[in-house]
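S.K.: Shown below is the structure under consideration.
Here, each number is a calculation from the coordinates, and none is a lab measurement. Just so you know, these numbers come straight off a predicted model, no measurement behind them. Reconstructed Cβ throughout: ideal geometry from the backbone, glycine too, with neighbour counts over all protein chains shown.
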Amino acid sequence: MKINFILLLVLSVSALHAQKKVRTVPLVDSIRYMTVDRAGELYVILKDGQTQRYDEDGKLLLSFKNTPTPTVFDPRDGARLFAYFRKNQIFQFLSPSFEVTASNKLDPALAGQSWLIAPSGEFKIWVLDESDNSLKRVNMKTSLVEVEINTDSVLNGPATGFTAMRDYQGFLFLLHPVKGILVLNSMGRVIRQLPGQGIPYFNFIGEELYYIHDKKIKFLDLLSGESRELPLPAKNTSWVVFTDRRVFAGTGKAIEISEAGTP
């Protein structure tokens with residue numbers, strides 16, 4: 001098993017360097033956030049506030065500028081996008097054309113001052129509440145708090161210490177600039193910690209979590225627990241997102257798009 005895993009890693013590294021370039025997409029500003037939906041389309045939020053959607057070959061499909069810029073943006077399956085705005089404490093669901101289909105403001109009885117919000121399934125959300133340093137899972141259909149923990153005691157720090165949060169395949173992932181990535185189960189219990197200072201973001205492809213750390217792309221299989229690493233496509237790469245068919249690498253004010261199989 002160990003030999004097979006090493007062979008897979010060697011082949012993956014070779015494949016990353018041998019990828020066929022599709023195109024370079026110039027941008028008008030630096031990248032603030034970059035991700036993909038389940039269908040493989042790319043979403044880029046620029047530092048000037050623009051949110052852009054591209055097809056897998058880098059064709060710009062849509063662009064809009066929102067004030068304020070979303071604190072959290074998750075395109076999910078591409079049919080029902082999610083955006084959270086900390087400044088006005090509103091979270092929205094958007095159509096593929098970025099039209100607002102539902103806009104919600106949390107009842108103060110459920111959360112006094114949300115720091116981060118992440119969707120969980122169709123009707124639930126996770127809320128990091130800075131007013132009482134709590135993490136809650138709220139059922140929006142019933143307006144009930146199903147899970148609640150104190151972040152100081154369970155996550156060893158205040159809610160405002162975390163920079164990203166996402167629900168994926170029944171787990172909750174929290175990013176801290178010093179502690180790394182915390183993995184929680186559906187009841188809010190920490191089951192794993194991936195240490196690493198300065199991790200800028202994380203994302204998923206299939207059963208794997210991936211993120212950039214120490215100038216490498218690190219992967220963790222959420223089922224087997226196996227980990228692997230790949231080199232960055234280029235030294236100035238600050239963002240990388242994968243699909244089954246593409247690698248999107250953010251380098252300064254441009255996106256390099258390459259063909260790829262499973263990374």
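S.K.: Mind listing which trypsin sites (Lys or Arg not before Pro) in the stretch 151-219 are in a DSSP loop and have 13 or fewer other Cβ atoms within 10 Å? Please report the intermediate quantities before stating the final value.
M.R.: Values: sites: Arg166, Lys179, Arg189, Arg192, Lys215, Lys216, Lys218; in loops: Lys179, Arg189, Lys215.
Loop-located and lightly packed - Arg189, Lys215.
S.K.: Working only with C-alpha atoms, what are the Rg and Dmax values of the stretch 31-105, expressed in angstrom?
M.R.: Cα radius of gyration and Dmax of the stretch 31-105 are 11.5, 36 Å respectively.
S.K.: Tell me the label-point distance for the pair Lys59, Phe98, using the 7 Å Cα-to-Cβ offset, in nm and rounded to one decimal.
M.R.: 1.8
S.K.: Given a Förster radius of 35 Å and the C-beta distance between Ser227 and Val145 as r, what FRET efficiency does 1/(1 + (r/R0)^6) yield to the nearest 0.05? Before the final figure, lay out each step's value.
M.R.: Values: r = 34 Å, r/R0 = 0.98.
About 0.55, to the nearest 0.05.
S.K.: Which whole-percent values make up P(r) of the chain when all C-alpha to C-alpha distances are grouped in 5 Å steps starting at zero?
M.R.: 1, 6, 13, 17, 18, 17, 14, 8, 4, 2, 0, 0
S.K.: Spin-label point model (7 Å from Cα, Cβ direction): what's the Asp77 to Ala109 distance in nm?
M.R.: 3.2
S.K.: Would you please name the GluC sites (Glu not before Pro) within the stretch 96-205 that are DSSP coil residues with at most 14 other C-beta atoms within 10 Å of their C-beta? Please report the intermediate quantities before stating the final value.
M.R.: On the way: sites: Glu99, Glu122, Glu130, Glu146, Glu148; in loops: Glu99, Glu122, Glu130.
Of the GluC sites (Glu not before Pro), the ones in loops of the stretch 96-205 whose Cβ has at most 14 other Cβ atoms within 10 Å are Glu99, Glu122.
S.K.: While we're here: Where the centroid of each part is defined by its Cα atoms, how far is the stretch 177-192 from the stretch 60-120 in Å?
M.R.: After rounding, the separation between the Cα centres reads 23 Å.
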